[in-house]
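A short worksheet on the structure shown next.
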Amino acid sequence: MPPGKPMYLDPFDEFVRMRQEMERMMNEMVRQSIMDAKNLEKMAADPKTCVYGFSIRVGPDGKPVVREFGNIKPNSVNPANPAQSSLASDEREPLVDVIPTENEVVVIAEIPGVEKHEIKLNSTTESLTISVNNPQRRYHRVVSLPCEVDPTGVVASYKNGVLEVTHKRVLKSDGNGHEIHVK
């Protein structure tokens, strides 16, 4: 036994040591969170801030549907420093929801921070292209539509950062054909 140590063990020594270790860990976590907050402030001030996200919904067939949005692709993300992503661009992909109904297909897109006149839409029978070329915020996305639509009968509105585009569906025949009368 080393000199100066008591012959008995204090049952609270282990608790004191654990408290000291927890205090050291908490101080380290606070210091790290302050550094992380400073890094987030720097990233937010950078006009080329990286954005990546996804939404998960259950499709009509009961299977999950994952939709990605942002200005980077998931396989290019460096988890240690997302700003060093190889495919980061200043063009973002807006979060989009496609809602098919019996007579129409509604596309809802989140495009915050732009003016209505800056939004450019182009519709085909199978897709909708959304583009914004604002000096501060650029968006681009080609949305595949779940069915054929009439690209000429499209109605669009934009309010509070939400774009809503309604397409009329092209109704298919039932396959039975139509009777033709001979005159």
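Quick note: the coordinates plus some simple rules give every number you see, no bench work behind them. Computed from a predicted model, the values in this text were never measured in an experiment. We place every Cβ from the backbone using ideal geometry, glycine too, and count neighbours over all the protein chains shown.
Each Cα pair of segment 94-171 feeds into the Kirkwood radius, which the Stokes-Einstein equation turns, at 37 °C and 0.692 mPa s, into a diffusion coefficient of 262 µm²/s. If only the Cβ of Lys and Arg carry +1 and only the Cβ of Asp and Glu carry -1, the dipole of segment 94-171 around its Cα centre is close to 320 debye.
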